[in-house]
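Accompanying notes for the structure given below.
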Amino acid sequence: MSRAWLAIPIALVALVLVGVPVLALTESGFEEGLKRAVGYRVGGEECQPTINRDSRWRREPSLPVKRDEPRAVAIDDRVYLVGGVDSIEQTDDGILLQPLDDLTRFDPATGRFEQLAPMPRALNHMAAVAYDGDLYVLGGYQRRLDVNTRDELFRYDPGTDRWSRMPPLPRPRAAMAVGVVDDRLIVAGGAEGREPLASVLAFDFSTERWSELPDMPTAREHVAGAVVDGDFYALGGRAEHSDALDDAARLDTATETWEELPPLPVPTGGLDAVVVDGAPVAVGGGDDRGGTVTGAVQRWDAAREQWVSMPEMRTPRHGHASAVVGDKLYVFGGSHCAYFTATDSVESLRLSER
């Protein structure tokens, strides 16, 4: 979901949400943009997923609840899926998101989902990482994207099924890149309200203190992060000029210096990132302003210093969550069209067969 959505006049969006027959109106460029924002393709057709039936990705059991902008981490061969948005609504305060406080555990061995203790706060566009067997969730939005960005850091203990509060972020942010390097949580970019950020923070799990690291080369949000051999990678994202960036940069956490990498072949924002065979992988994403989503899966080949393609997803999407468990890469939920369309779709790629 992008800043362009917030710029759409509320009164006109309300016409769509309350059922006024927009399809009967003359198809101006503005009306087409309006329809995209609530899940319509150009020409008035309701948004439907584009299925790549030749893909090596396979369908998995559907999510219990449709979600856009959730997050996922793998702990002990199971996936913990948190938060997201399941709908938007028209109220006296304007267009609002309906965030989720759900914590759901997926067991790849059985294909079953289990509901766990809900988060202390309903969130979307937050970040999540695993450290020392626990789940950490930080930042995010609630009902709106332009105000009240969150600064909380929560810890979930799978052994007790309980949440606790940790020292908050020095500055609120959402839609950021995160990763864990040794005993530090790295938080790069994101947005406060509608402002893309370049700043980078580190949280030391041993001292429970926050510190600042050098800024990213480019301010961006809806950006993804991955950690390989002590280096932190920031991939893709959105900025003031584009909802699909090809930026890729690597932070050497030992020297605290950034290095810009060759650009992503497929520019993308609202993507996710994982690590496969010791390499960062950019998964999916899209371009809200361009009205597109992508099924591209792009892996960094350090030996050749270039990006290589992995099998494209069966269902292109952005705003999804990803995780690797054993020999499979999973994607959960997200939107199969530009802007908002919550889905319950889950797919996987067997990595040994790619």
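Any read-out appearing in this document is the output of simple, stated calculations on the displayed coordinates, not a laboratory observation. The structure displayed is predicted, hence computed values, not measured ones. Glycine gets a Cβ as well: all are built from the backbone with ideal geometry, and neighbour counts include every protein chain shown.
Restricting the calculation to Cα atoms, segment 291-335 shows an Rg/Rh of 1.02 when the hydrodynamic-style radius is the Kirkwood one. Just checking my list (1) 0.93; (2) 1.02; (3) 1.19 against Cα Rg over 2.2 N^0.38 Å computed from this structure; which label fits? Looking at Cα Rg over 2.2 N^0.38 Å for this model, the match is (1). Spacing of the modelled spin labels on Arg112 and Glu208, each 7 Å from Cα toward Cβ, amounts to 3.5 nm. Between Phe205, Phe154, Phe232, the GNM of the chain built on Cα springs shorter than 10 angstrom shows Phe205 fluctuating the most.
In the chain, excluding the sites themselves, the longest stretch lacking any of the GluC sites (Glu not before Pro) that are in a DSSP loop with at most 12 other Cβ atoms within 10 Å is 46-207. Under the criterion of Cα pairs below 8 Å and six or more residues apart, the relative contact order for segment 209-354 equals 16 percent. Would you please name the trypsin sites (Lys or Arg not before Pro) within segment 187-231 that are DSSP coil residues with at most 16 other C-beta atoms within 10 Å of their C-beta? Within segment 187-231, the qualifying trypsin sites (Lys or Arg not before Pro) (loop, at most 16 other Cβ atoms within 10 Å) are Arg194. Applying the Karplus relation 6.51 cos²θ - 1.76 cosθ + 1.60 with θ = phi - 60° to segment 267-281 yields 3J(HN,Hα) values of x, 7, x, x, 8, 10, 9, 9, 10, 10, 6, x, 9, x, 10 Hz, where x marks Gly and Pro.
Residues whose amide H comes within less than 5 Å of that of Ser87, counting only those at least five positions distant or on another chain, are Gln98 (H built at 1.01 Å from N in the peptide plane).
Quick one: Karplus J couplings for segment 54-68, per residue in order, coefficients 6.51, -1.76, 1.60, θ = phi - 60°, nearest Hz, x for Gly and Pro? Residue by residue, segment 54-68 yields 8, 5, 7, 6, 10, 5, 10, x, 5, 5, x, 9, 5, 9, 10 Hz. Between Arg121 and Asp101, the contour length at 0.36 nm per residue exceeds the Cα-Cα span by 6.6 nm.
Applying the Karplus relation 6.51 cos²θ - 1.76 cosθ + 1.60 with θ = phi - 60° to segment 186-203 yields 3J(HN,Hα) values of 9, 10, 10, x, x, 9, 10, x, 10, 9, x, 10, 9, 5, 10, 10, 9, 10 Hz, where x marks Gly and Pro.
Taking a Cβ cut-off of under 13 Å around Leu329, the surrounding Lys, Arg, Asp and Glu residues balance to a net charge of 0, with basic ones at +1 and acidic ones at -1.
Relative contact order (percent) for the chain, with alpha-carbon contacts under 8 angstrom and 6 or more residues of separation? Computed over the chain, the figure is 17 percent.
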